[in-house]
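Here is the structure we will look at, set down as structure tokens.
The values are calculated or read from the model by the stated rules, or taken from the named source; none is laboratory data. All values derive from a computational prediction rather than experimental measurement. Neighbour counts are summed over all protein chains in view; Cβ atoms, including those assigned to glycine, are modelled from backbone coordinates with ideal geometry. Quick note on the areas: whole protein, heavy atoms, side chains included, nothing else; ligands and nucleic acids left out. Shrake-Rupley method; radii C 1.70, N 1.55, O 1.52, S 1.80 Å.
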Amino acid sequence: MRKNTLSALAVIWALALCSPAVVWGQSLADPAAMTPKGQFALGLDLSYLFEQQTADFDLRSDDSNGDSGYSRNSGKIKNDQCYLLNLSYGVADWLSVFAQAGVVNGGKLIETNRDYPEEWEIKLRSQFVWGVGAKARAFKLDNGLALGLAARYLRYDNRKMVDWRDNVTGRSADQNWSTDEELDYWQADLAATLSMPFGPVTPYVGLGYSYFEAKESGRWTSKSDPSYYANYDAKMKSDNELLALCGLDVALGHGLSLYAQAEFVARTTVGLGLNWSF
């Protein structure tokens, strides 16, 4: 058991540390479930992000006149939805790996200027999102109590930021500017969960670490004078990396299972999923 535990921890940390510098705050799908050795599992994971905050960040501007400047901003993402197809494989009875691909949709980013009374609300267009990860069982007692470990890297690139509106004044940027901005995003999650089966139902609770970075970049061009433009650039990071989660996994038979999950602190998210092992 000690050998399996150490091997599981090594796999989890290797996946996390080898990821490059990680859909806004999407759910870490069912970290307590394991795919049986030598089998595949196909799943559909749906998550809804209520809110996730960024730490304060600097927004840099450089215009066509050669002027530059910074503003101190805070941000939060709200109402984002993520739809992921999930394919996992059971490497061993205690270890499975998985890959995910899908779409993020419907979210909005709110940026508040700390130096000036502005609060921009920006819609985020739909974009392709993908992820990879692993889940391991560190131990399982005779009574069924188990400790699970999970790691995931998730990202999307070039997500369009549109329909800029200042909530303070009610004005739309589109009245005077042509905006062309995008968001690149990555997220890394590590979690440890305790689970206990009661017949076909397995509740679980866990704690973990979740970190994200997002890069905003693009250009605003004046509609009245197209020769004038301003380029914007900012890097956003997590405001809080502590992840708390709880969930319920239900075995439906014939290789089918259903789960529901909620996450707190680092982000407020709920998720649902259906998996089929074959």
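Some points to look at:
- Accessible heavy-atom area order of Phe198, Phe212, Phe139, Phe40, highest first, probe of 1.4 Å: Phe198, Phe40, Phe139, Phe212
- Rounded to the nearest 10 square angstrom, Asp157 shows an accessible area of 50 square angstrom against a 1.4 Å probe.
- Across the stretch 131-278, C-alpha contacts under 8 Å between residues 6 or more apart give a mean separation that, scaled by the residue count, equals a relative contact order of 17 percent.
- In Hz, Karplus ³J(HN,Hα) per residue of the stretch 84-100 (6.51, -1.76, 1.60; θ = phi - 60°; x = Gly, Pro): 10, 8, 10, 10, 10, 9, x, 6, 8, 4, 10, 9, 9, 10, 8, 10, 10
- Within the stretch 57-148, the trypsin sites (Lys or Arg not before Pro) that combine a DSSP coil assignment with at most 16 other C-beta atoms in a 10 angstrom radius are Arg114, Arg125.
- Extended-chain gain in nm, criterion 0.36 nm per residue less alpha-carbon gap, Asp62 and Ala251: 62.5 nm
- Radius, Kirkwood style, for the chain when every pair of distinct Cα atoms is counted (Å): 20.0 Å
- Per residue, the solvent-accessible area of the chain (1.4 Å probe, heavy atoms of protein chains only, all protein chains present) comes to 47 Å².
- For the chain, the mean residue ellipticity at 222 nm estimated from helices alone is -2000 deg cm²/dmol, where every DSSP H run of n ≥ 4 contributes -39500 (n - 2.57) and the total is divided by all residues, rounded to the nearest 500.
- Over 26 Å between alpha carbons, listed pairs Lys135/Lys215; Lys76/Lys223; Lys123/Lys223; Lys78/Lys160; Lys135/Lys160; Lys108/Lys235: Lys135/Lys215; Lys76/Lys223; Lys135/Lys160
- Accessible area per residue was computed with a 1.4 Å probe on protein heavy atoms; Met161 scores about 0 Å².
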